[in-house]
């Protein structure tokens, strides 16, 4: 990696913020803005931002989140194709919708299983000092990414939980720009839920 990206751009509360972290944060904010408006260009932004965050998180020894960013970059290609050409099971166009009761139960079960599974893996195979917090954000993000790709409104609630926990995790790691970014993400998760709910109701009214 070029030394420029590792060099500090500025400092927050005594901790240096690299150009790499700054660029990743800007792209991530743009990505969420696109997602809120159902603009498919958010997915390529997600790919680039995720790859940048692999390096940021690996340097901070947050290996679950670093690995998650690789997963995000790969899955973003799937999400992009879903938003461009995806359909529901009945053949209708992919639009914002709610999970069925069965889908909600499956999503909750996936969250409940993914958290300890990822945490135990991290504790066993890495030197992370926060396996359970890292495992929470990583495990639930897997579920949130799938729900986002399929335009289920509940994805924003999953991201809200992930973002709130991630704020505490990044405070612990001293990644202050990313702390601010994920605090903004938490607010945008609520805004995204409200925006998608409005779109869903408007779509139902036009139907």
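Got a number for residues in the stretch 152-194 being modelled with pLDDT of 95 or more, more than 14 Å from the chain's Cα centre (by Cα) and crowded, with 21+ Cβ neighbours inside 10 Å?
The number of residues fulfilling the criteria is 1.
Among the numbered criteria (1) in contact with a strand residue (DSSP E or B) (Cβ under 6 Å, 6 or more places away or on another chain); (2) in a helix (DSSP H, G or I); (3) modelled with pLDDT of 90 or more, which one does residue 22 miss?
That leaves (3) as the condition not met.
To keep it simple, each residue is scored yes or no on (1) modelled with pLDDT of 85 or more; (2) surrounded by 13 or more Cβ atoms within 10 Å (Cβ to Cβ); (3) within 30 Å of residue 201 (Cβ to Cβ); (4) out of contact with any strand residue (DSSP E or B) (no Cβ under 6 Å at 6 or more places or on another chain).
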{"site": "60", "(1), (2), (3), (4)": "no, yes, no, yes"}
{"site": "81", "(1), (2), (3), (4)": "yes, yes, yes, yes"}
{"site": "91", "(1), (2), (3), (4)": "no, no, yes, yes"}
{"site": "119", "(1), (2), (3), (4)": "yes, yes, no, yes"}
{"site": "138", "(1), (2), (3), (4)": "yes, yes, no, yes"}
{"site": "147", "(1), (2), (3), (4)": "yes, yes, yes, yes"}
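So, residue 97, is that one more than 19 Å from the chain's Cα centre (by Cα), at pLDDT 90 or above and buried (at least 18 other Cβ atoms within 10 Å of the Cβ) or not?
Values: more than 19 Å from the chain's Cα centre (by Cα): yes; at pLDDT 90 or above: yes; buried (at least 18 other Cβ atoms within 10 Å of the Cβ): yes.
Yes: the conditions hold for residue 97.
The values are calculated or read from the model by the stated rules, or taken from the named source; none is laboratory data. Since we're looking at a predicted model, the values are computed, not measured. No Cβ is skipped: glycine too gets one built from the backbone with ideal geometry, and neighbour counts run over all protein chains shown.
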